[in-house]
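The values are calculated or read from the model by the stated rules, or taken from the named source; none is laboratory data. Everything numeric in this text was worked out from a predicted model, so none of it was measured. Cβ: placed from backbone, ideal geometry, glycine included. Neighbour counts: every protein chain shown.
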Amino acid sequence: MVSGSSHPRVLAIGIDAAEPTLVRRLIGEGRLPSLRRLLLNGTWGEVSSPADIGSGAVWPTFITGNGPLDHGIYSILPWDPRAMCLVRLTTQHLTPFWERWRQQGHAIGILDVPFAPVKDAGHGIEISEWGAHDRMRGHLIVSPEHRHDWLTRTGKTHPLGHGTVEVAGPRDWKALHTLASECREGARLRGDLAMRLLTEFSLDVLVAVFTEVHHASHYLWHTLEADVPSLIDVYREVDRQIGQLIDLTGDKATVLVFSLHGMRGTRGIPMILDPLLRALALAAPVRWRARTWPERGQWLSSTIKQAAPNAVRRLYRRARSGALRPPQQRVRLPYDWSKTVAFPVPTDQHGWIRLNLRGREAGGLVDRAHYNEMCTRLDQALRGLTTEQGSRIVENVIRVGGETTSPPSGLPDLVVHWGDEALADPLRTVAPSISARATGTKFTGQHAARGFFIHRPASGRSTRAPAALAAHELHGLIQAGLGA
């Protein structure tokens, strides 16, 4: 183990999915004193990120310094056009911005940066999925490998490290109380671990991400104004830990606290794309006889769970709670590819549509010459969707590759931003007349597009951050503090 030093050159702290308007409000109310103190000596800035494509795109953009069209990542379960199925994401092929600094001899500490590849950390240290919100691998990884023993021998396990708390919905107060408590404790333990990394290793840079706010926000957003287990308590614990880390590093280190995207309220995830594409004769379901036995079992399981009473579903969730289940590696979609022109990709927020494009998809039907024409047809159909009361349900449609560039290889072709009317349950539309129930109604918080940063340069440095940065530019503030 390297002899300790409490004065790295850069301390970069991510608060995953922290909402900037909420942070500013809590700072103004004096409820986040550590961030308030940091802001008095630093600069507040806005962070823009590709959250308009999907929350899964934001961390790879930060990590690589490149946009989604370059790194091709938007989801933890992306579409593989060669296998014609969803596959578990791997990011080992990515080159993180800190890799060059390692090669220059700098000791870099990485703690739970979401979606980050785990490389040879050299004389630094990297810890991945210790208490992650997004699990790619499903298990803890430490580099160098011999420091895994140091972590497990001397550190505590994150409360969410072995599984998540199953929450039935926004009124499941017992589960929400447990979740809030575990997220607060997780933030405290994360702060303790970051302190140990700073005191027991001679690090030039530490990049540590508090993932607890992200996890809690999905379930506890509705508690912001309620006298119940609150999301604000999680924010305040993170703030306490940040204060201790800043005190430890002193004013000789550059400090960057940031969020790549925010959060807002929600009532679920619209599921109208599948019936819409079927009604437009663009997607055809695979026949029962053509399905494999695992696919039949998956469909039956899903159907039974959807039809079961709420009380039965709550018992099922609680029976499975606390177990860290291995991530699914492959998921096949229930479409007949010989008849499907366009299909929805499963999503946790925005609507994603992919064309079954010849030369890109293994079972492609759509000629490239007709690609833009088909995208335009879908765009118009989506923007024209209205409820039975005449309200539009689509706020915007993004054509990811643009109208003049080549179709994206890995990303969805179209991203649908839903309006508030799309959250009706059930959602019923006209022209065409279709109906669908929302999913994910237990979530009361959903991703928002904008993040923030607070930057305080080391004493004696005159570096001043701009008023706004894109996610792919944010690491420049870390680089300036390191002097690399």
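One table, with the values for the structure above:
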{"read-out": "Evaluation of residue 469 against (1) more than 21 Å from the chain's Cα centre (by Cα); (2) under 26 Å from residue 134 (Cβ atoms) (one fails), failing number", "value": "(1)"}
{"read-out": "Residue within the stretch 204-212 that is surrounded by 22 or more Cβ atoms within 10 Å (Cβ to Cβ), modelled with pLDDT of 95 or more, assigned by TED's automatic domain parsing to the domain that holds residue 101 and assigned to a helix (DSSP H, G or I) present", "value": "yes"}
{"read-out": "Matching helices (runs of 4 or more DSSP H) fully within the stretch 1-80 where at least 1 residues are closer than 23 Å to residue 96 by Cβ and without any contact (Cβ under 8 Å) to a residue 12 or more places away in the chain", "value": "68-71"}
{"read-out": "Enumeration of residues in the stretch 340-363 that are farther than 19 Å from residue 419 by Cα and either of a type in the set (D, E, K, R) or without any contact (Cβ under 8 Å) to a residue 12 or more places away in the chain (or both)", "value": "354, 358, 359, 360, 361"}
{"read-out": "Residues within the stretch 101-131 that are out of contact with any Gly (no Cβ under 7 Å at 6 or more places or on another chain), buried (at least 24 other Cβ atoms within 10 Å of the Cβ) and either at pLDDT below 95 or of a type in the set (D, E, K, R) (or both), tallied", "value": "1"}
{"read-out": "Strands (runs of 3 or more DSSP E) contained in the stretch 91-150 and holding at least 2 residues under 23 Å from residue 192 (Cβ atoms) and of a type in the set (D, E, K, R)", "value": "none"}
{"read-out": "Any strands (runs of 3 or more DSSP E) falling wholly within the stretch 383-479 and containing at least 2 residues that are in contact (Cβ under 8 Å) with a residue 40 or more places away in the chain, hydrophobic (A, V, I, L, M, F, W, C) and under 30 Å from residue 9 (Cβ atoms)", "value": "450-456, 468-470"}
{"read-out": "Exclusive hit being touching a His at 6+ places or on another chain (Cβ under 6 Å), at pLDDT 95 or above and buried (at least 16 other Cβ atoms within 10 Å of the Cβ), set 415, 394", "value": "415"}
